[in-house]
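S.K.: Questions regarding the structure given below will be posed in turn.
The values are calculated or read from the model by the stated rules, or taken from the named source; none is laboratory data. Bear in mind that the values here come from a model prediction, so they are computed numbers and not experimental data. Note: ideal-geometry Cβ built from the backbone for every residue, glycine included; neighbour counts use all protein chains shown.
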């Protein structure tokens, strides 16, 4: 299963990389106190206006292995493929002055130094 997940993340990253762009300045501002500048400069995003992230090819296997608790990608706000965040719909960033604890939590790994893949649902 790990090999399937790694291959999936790499394939989806390659697919979305072509159309992704740098993290918007408003997002950088709202996350600058929580992540390094170099990480925020590396992250790219794409919003699928009118489309949805399809479930991975191993979805039914993952649902079975998780006792039915594996997330349905169609209903997630976003999925991170290594260094590319794919949004199902447009999401406004938190104002820079607002405490980020009142907003969705982000899980970003420094993918250049962390050889671990973590799935998290908040």
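S.K.: For the stretch 17-34, indicate whether the set of residues that are more than 27 Å from residue 95 (Cβ to Cβ), touching a strand residue (DSSP E or B) at 6+ places or on another chain (Cβ under 8 Å) and surrounded by 13 or more Cβ atoms within 10 Å (Cβ to Cβ) is non-empty.
M.R.: Looking for residues that are more than 27 Å from residue 95 (Cβ to Cβ), touching a strand residue (DSSP E or B) at 6+ places or on another chain (Cβ under 8 Å) and surrounded by 13 or more Cβ atoms within 10 Å (Cβ to Cβ), one finds at least one in the stretch 17-34, hence yes.
S.K.: Need the failing condition index for residue 94 against (1) surrounded by 13 or more Cβ atoms within 10 Å (Cβ to Cβ); (2) in contact with a helix residue (DSSP H, G or I) (Cβ under 7 Å, 6 or more places away or on another chain); (3) over 19 Å from residue 46 (Cβ atoms); (4) at pLDDT below 50, just the number.
M.R.: Checking residue 94 against (1) surrounded by 13 or more Cβ atoms within 10 Å (Cβ to Cβ); (2) in contact with a helix residue (DSSP H, G or I) (Cβ under 7 Å, 6 or more places away or on another chain); (3) over 19 Å from residue 46 (Cβ atoms); (4) at pLDDT below 50, the one that fails is (4).
S.K.: Still on this structure, I have one more. Within the stretch 43-57, restricting attention to residues that are touching a residue at least 40 places away in the same chain (Cβ under 8 Å) and crowded, with 17+ Cβ neighbours inside 10 Å, which residue is nearest to residue 3 (Cα to Cα)?
M.R.: So, considering only residues that are touching a residue at least 40 places away in the same chain (Cβ under 8 Å) and crowded, with 17+ Cβ neighbours inside 10 Å, the one nearest to residue 3 (Cα to Cα) is 56.
S.K.: Ok, one more. Those residues that are in contact with a helix residue (DSSP H, G or I) (Cβ under 9 Å, 6 or more places away or on another chain) and assigned to a loop (DSSP other than H, G, I, E, B), I need them from the stretch 1-19; list them, please.
M.R.: If the condition is that a residue be in contact with a helix residue (DSSP H, G or I) (Cβ under 9 Å, 6 or more places away or on another chain) and assigned to a loop (DSSP other than H, G, I, E, B), then 1 is the only one that fits.
S.K.: Then there's this: In the stretch 58-76, what residues are surrounded by 13 or more Cβ atoms within 10 Å (Cβ to Cβ) and more than 20 Å from residue 3 (Cα to Cα)?
M.R.: 76
S.K.: Looking at 76, 107, 48 in this structure, which one is touching a strand residue (DSSP E or B) at 6+ places or on another chain (Cβ under 8 Å) and at pLDDT below 90?
M.R.: Of 76, 107, 48, the one residue that is touching a strand residue (DSSP E or B) at 6+ places or on another chain (Cβ under 8 Å) and at pLDDT below 90 is 107.
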